Amino acid sequence: MDIDEIKTLIRLVSEAPIAELEYREGETSVRIVRHGVASAGEAPPPAAGAAADPAPVVAGGASPGGVDGAETAPHRCAAPLPGLFYRRAGPTEPPFAEVGAAVAAGQTLGLIEAMKMLTPVKAPADGVVLRILAENGAMVDEGAPLFEIG
């Protein structure tokens, strides 16, 4: 199984109304899981609404500054294993997350490819993507910081 076959499988999962696909070829297997199939279609509108919400929160955040200050410490989202980091499911697909996007705890932010297997990189907490710390296609080590969520 080569990378083109894996990309084709990813494309099939992204276009089909399925949540999971497992494909085996000899001793090689690939499992692709799309979290929140119903939520994935609904994610862009809430993200746009959530992007509008931070402005009022910042404006209203002047009063309860202590509470906001406690919650603004960024969370680092680290690579779960060494491998190639991908921000999108395929070359023509949109990135899983952009700077400024609202994300939920457990939401997929990227993928790590290791030994022909794709492992999702998940948001550690609810928040907004503050920074993306790794380039698409970069080789990363386990524990390497990939995203900052605030």
| Is it fair to say Ala134 is under 11 Å from the mean Cα position of the chain (by Cα), part of a loop (DSSP other than H, G, I, E, B), among the aliphatic types (A, V, I, L, M) and buried (at least 16 other Cβ atoms within 10 Å of the Cβ)? | no
| query | Of (1) closer than 20 Å to Ile32 by Cα; (2) assigned to a loop (DSSP other than H, G, I, E, B); (3) in contact with a strand residue (DSSP E or B) (Cβ under 7 Å, 6 or more places away or on another chain), Thr92 satisfies all except one. Which? | reply | (3)
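Please work out which residue is surrounded by the fewest Cβ atoms within 10 Å (Cβ to Cβ), limiting yourself to the range 1-15 and to residues that are part of a helix (DSSP H, G or I) and among the hydrophobic types (A, V, I, L, M, F, W, C). Let's see the steps before the verdict.
As a first pass, look at the range 1-15 and keep what is part of a helix (DSSP H, G or I): 3-15.
Then drop every residue that is not among the hydrophobic types (A, V, I, L, M, F, W, C), which leaves 3, 6, 9-10, 12-13.
On the way: Ile3: 10, Ile6: 18, Leu9: 19, Ile10: 21, Leu12: 13, Val13: 19.
Here the answer is Ile3.
Give the range 103-129 a look and list any residue that's assigned to a loop (DSSP other than H, G, I, E, B), over 17 Å from Ala144 (Cβ atoms) and aliphatic (A, V, I, L, M), or say none. Walk me through it before giving the result.
Of the residues in the range 103-129, the ones assigned to a loop (DSSP other than H, G, I, E, B) are 104-107, 115-116, 123-126.
Okay, now just the ones that are also over 17 Å from Ala144 (Cβ atoms), so 104-107, 115-116, 125-126.
Result: Ala104, Ala105, Met115, Ala125.
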| query | Taking Ala47 and the conditions (1) surrounded by fewer than 16 Cβ atoms within 10 Å (Cβ to Cβ); (2) at pLDDT below 60, which numbered condition does it fall short on, given that it satisfies the others? | reply | (1)
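The values are calculated or read from the model by the stated rules, or taken from the named source; none is laboratory data. Nothing here was measured: the structure is a model prediction, and the numbers come from that model. Neighbour counts are summed over all protein chains in view; Cβ atoms, including those assigned to glycine, are modelled from backbone coordinates with ideal geometry.
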